[in-house]
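The values are calculated or read from the model by the stated rules, or taken from the named source; none is laboratory data. Because the structure is predicted, anything quoted here is derived from the model rather than measured. Positions of Cβ are generated from backbone atoms using ideal geometry, with glycine treated the same way; all protein chains shown enter the neighbour counts. The protein model used for the area step is the full one, side chains on, heavy atoms only, and it has no ligands, DNA or RNA in it. Shrake-Rupley method; radii C 1.70, N 1.55, O 1.52, S 1.80 Å.
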Amino acid sequence: LKMFWFYLPLHLLLVACLCHSIKVPTTSSQHSFTTNLFNFYHSLILADGKETTVHLLKDIPKRYYFVLEEGRALAPFTITVTPCDVPIEWSILVHKASAGFLGKTARGDVTQEVPKSQKTPSITSTIFNYKGNSVETYMGMSSHSALYVLEFLSTERDTHITVYLTTDTTSGHLYPELPTDPRIDVIGIGHTTVTLTWKHSPSALQHRENIQYCLLVNEKHNYKSLCAAETAIRSSGMKLPPTLALSLSPYLLEPQQVMILSNSELSIINKVSSGEVRQICMGTKNTYTVPNLSPSTQYYFDIFVVNLLTNASAAYTGTFARTLEEPEPKVMELKDGKVIQVVLDGKKQKFYSLQYQARHKKIQFTFQLCRGQVRVHIAKNGKTVASENISGLRYFSLKGKLLDTYVVQLRSTEESNSSVKVQVSPHFHKPLFPLLPESLKIKSFSKLRTCNSVTIAWLGTQEESKYCVYKKRVEEDQVWIELQSADRCSGPESRHKSEKVLCKYFYDVNLQRAVTTETINGLDAGTLYLFDVYLFGPSGIPVRYHSKVVKTRKKC
């Protein structure tokens, strides 16, 4: 017990002594003072010069207190409270003991009396209170003879806040400063872009190397602090890195064009239940055009000025804007026998429309998927006649009347761009594309692999056709990219001459025997190769088999 008293700070020792040693008449005011002192004793000390995270349980108040260091009479202090989720209530109470009360002494069982004018033991007053979810700062003067109590309460749900107290006004600011006019101005609106500008933070002008502007874009609402934005993304189910999720690492001092949190990694866009949340950090530029927005959509924009050394931030007054409506897409007319190639934007996920007016009762639509995944929808006179996802080469043979109107709608089913070739023709006897085998897969024989050769096989048809084989050396980390980026509609003209291995003709009336093999020699040991086979029909338009990756043996 003696050791416990020895280590108590002076202000706690004073409070404890007042609670346990002073014998005073049990008036209601004195009982109240003793209760208040007990509350101080059981409150938490608020650290000076450090940001403190406070977790609040619903309907349960939480108290912190602070006093000046010994020897300081009066000093300015500031308290900044940042709610990270729901609105909270918080207040500052000051408790001052009267000089007469603090001067009383106890000698045995006898208590020295004091003049009646000095019997009030303390003065308790609330000097500030606030309710809401904005970042609020209180500035005042503190006395060493006073105890300040901060009380916080959340009435909506469990939440957390940050509190920053400082009595040192000479060492600069933890939080970056905002300009006198902290509004964000919208100076340009397009179909997919919004241009913003804002006044410079004084901190950015003085400490450019340590300050960065970060823009948060979402479709839900504005955020009043970076802490609130981080909480919103975390509550959506995304995993956050250990550092402040929407701020920059102190080591990333170079301006980053786009840094967005996604699955514990920094990437382009963060998908949450309420839509996309983007964060774009642009160094100390104070004008920025936000790209790749959706037309006719309302977006909310928040600018945060971030101190890269402390991760502390300050929020400008958020704004919002609605992008312009996208003009109606033009419908392209299809002509008999003409092939067109359509590139579909995967981000917009919108249909691309083609129209054809039949000049024959029987027609055939042909689709060749070049890249990605595509959904095809065909309507005749407003009624759906076909709708499906296509792969490879797909034919739709349809019957109708003369002058029937067909509308073809194409849409990418992937976020990346897709591409497809389309043709409509009444000439069934003159197909544009060659007759295809049952499968377009290329097979390799593991047992026939050597250090410098590989044997592959593929299926043919009952129609004599030309087949050309190409090879390409690839690195292991590039295989997936090569396979995903391959344009299945491109022919050998897109390949380098050195990649050509051979061309050959073959067919077999018996489909069971319509298969050919080829051994490719002159390869390097322990090396990955990508093999392609192109099939040419009477029209000369090639069809590309599915690429095959094979690795030669390392040792023989």
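Looking across the stretch 473-493, just one residue is open to solvent by less than 40 Å² (accessible area, probe 1.4 Å) and part of a strand (DSSP E or B), and that is V474.
Report yes if Y470 is modelled with pLDDT of 90 or more, closer than 28 Å to R553 by Cα and part of a strand (DSSP E or B), otherwise no.
yes
Condition check: at pLDDT 80 or above and either outside any strand (DSSP E or B) or over 29 Å from A314 (Cβ atoms) (or both). Does L147 satisfy that? Yes; evaluated as a whole, the condition is true for this residue.
Can you tell me which of (1) over 30 Å from I378 (Cβ atoms); (2) within 39 Å of the chain's Cα centre (by Cα); (3) open to solvent by less than 40 Å² (accessible area, probe 1.4 Å) is the one V469 doesn't meet? Result: V469 fails condition (2) only. Out of the residues in the stretch 533-555 meeting the condition of being of a type outside the set (K, R) and under 23 Å from K447 (Cβ atoms), tell me which one is surrounded by the most Cβ atoms within 10 Å (Cβ to Cβ). Out of the qualifying residues, it is V533.
Would you pick out the residues in the stretch 206-229 that are closer than 16 Å to Y316 by Cα and either among the hydrophobic types (A, V, I, L, M, F, W, C) or assigned to a helix (DSSP H, G or I) (or both)? Walk me through it before giving the result.
First pass over the stretch 206-229, keeping only residues closer than 16 Å to Y316 by Cα: 211-218, 221-229.
Answer for the stretch 206-229, where residues must be closer than 16 Å to Y316 by Cα and either among the hydrophobic types (A, V, I, L, M, F, W, C) or assigned to a helix (DSSP H, G or I) (or both): I211, C214, L215, L216, V217, L226, C227, A228, A229.
Checking each residue in the stretch 498-524 for being within 23 Å of L436 (Cβ to Cβ), open to solvent by 40 Å² or more (accessible area, probe 1.4 Å), of a type in the set (D, E, K, R) and outside any helix (DSSP H, G or I) picks out K500, K504, E518. Selection of the stretch 299-341 for residues being in contact (Cβ under 8 Å) with a residue 40 or more places away in the chain, part of a strand (DSSP E or B) and open to solvent by 60 Å² or more (accessible area, probe 1.4 Å) yields T317, F320, R322, Q341.
Yes/no matrix, rows are residues, columns are (1) touching a Phe, Trp or Tyr at 6+ places or on another chain (Cβ under 8 Å); (2) in contact (Cβ under 8 Å) with a residue 60 or more places away in the chain; (3) open to solvent by less than 30 Å² (accessible area, probe 1.4 Å):
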residue	(1), (2), (3)
L165	yes, yes, yes
D181	no, no, no
G188	no, yes, yes
W198	yes, yes, yes
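Assess whether R375 counts as being touching a residue at least 40 places away in the same chain (Cβ under 8 Å), outside any loop (DSSP other than H, G, I, E, B) and of a type in the set (D, E, K, R). Break it down into steps so the answer makes sense when it comes.
Values: touching a residue at least 40 places away in the same chain (Cβ under 8 Å): no; outside any loop (DSSP other than H, G, I, E, B): yes; of a type in the set (D, E, K, R): yes.
No; evaluated as a whole, the condition is false for this residue.
Restricting the stretch 511-548 to residues that are hydrophobic (A, V, I, L, M, F, W, C) and over 24 Å from L483 (Cβ atoms), the residue that is modelled with the lowest pLDDT is L511. Within the stretch 65-90, the residues that satisfy the criterion of being at pLDDT 90 or above and open to solvent by 20 Å² or more (accessible area, probe 1.4 Å) are P87, E89.
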